[in-house]
């Protein structure tokens, strides 16, 4: 019954519906995919910058633990040393943090693209509605998010425990190393554990991405009535009408160009007008215009005709008359029978000449065009 009344949201969203949702800030996003990309980027960058980071950490520890008594008890010297340490750390992590910010942006826009919505930043009283808040709490998405969060927590903790168990001996041995060697080995162990954790996040995102796509499309689904109302509203707009007319003309031109190779002759002006004529002797009807065009369309007709070896005949008065007085698919009017017959006879004799059965024909140069069929 709901389908008959058009109230069930069973229709795929239209382009306008999708654009409207983007304006409202309802873009396709996967937080888990973004998190996985950020974490993966973190350990890759950590691996790339590891040598430099370890060197700087060594420098910081060396400076911290080798400070003289004078430096420790002299506030000026102590501030200078602390400033050097912080400056070293700051400049070392600038490229790292910059690339991390870029990675977080990539993770955010990878699925839904870049969209800025001022409307989503505006205050709306309906957001304060407690009933809607409760509905969201017990919605399918909230339940899925809860289950997903629990599974994600269990998975990450399990893998982290597995990583600790795998590297427990290495971690235990760190205390027996010098601090410089301990830093280097500790960094390597941390890098390995980050790989394991990031892989677990990608496993979660592989489940989250299909769900987010399904949920996003489901939210944008429309009723049959909504589709009808939007269609009526769009059709009434001048710009939409213009687009429809343009599309119709493009389809018409495409169909017309498909008929050009079937023509027996192209009558030209020679460049401004092009009329494609086809004559079937067996059907007993007058020749018909299968294509016609002015300026750019005429050039397109000529190009297609040349590619298919259709004969051209230059007859400016006849071309203009046919263009203005015969529709595409229409038969030649009686007043132009003689003129068109002259052209077709010339084409026929030309074909006979090419096959060696006749001498080269004389091209017609004068065409009788009735006054009522002259260009107006």
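Numbers for the structure displayed
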quantity	calculated
Highest-first arrangement of 28-36, 364-372, 299-307, where packing means the average Cβ count within 10 Å	28-36, 299-307, 364-372
Two-decimal ratio, segment 290-376, of alpha-carbon radius of gyration to 2.2 N^0.38 Å	1.16
Taking N as its residue count, the alpha carbon Rg of segment 191-337 over 2.2 N^0.38 Å	1.89
Peptides ranked, highest mean first, by Cβ atoms within 10 Å: ranges 355-361, 193-199	193-199, 355-361
Rg followed by Dmax, in Å, when segment 42-116 is reduced to its Cα trace	18.1, 59
Pairwise label distance in nanometres, residue 79 with residue 211, each label 7 Å out on the Cα-Cβ vector	5.4
Two-site FRET efficiency, residue 89 against residue 9, from Cβ-Cβ distance with R₀ of 45 Å, rounded to 0.05	0.25
Approximate spin-label separation residue 155-residue 262, in nm, with each point projected 7 Å along Cα-to-Cβ	5.9
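Bear in mind that the values in this text are calculations on the coordinates, not laboratory data. The shown structure was predicted, so the numbers you read here are calculated from the model rather than taken from an experiment. Positions of Cβ are backbone-derived with ideal geometry, glycine not excepted, and every protein chain shown enters the neighbour counts.
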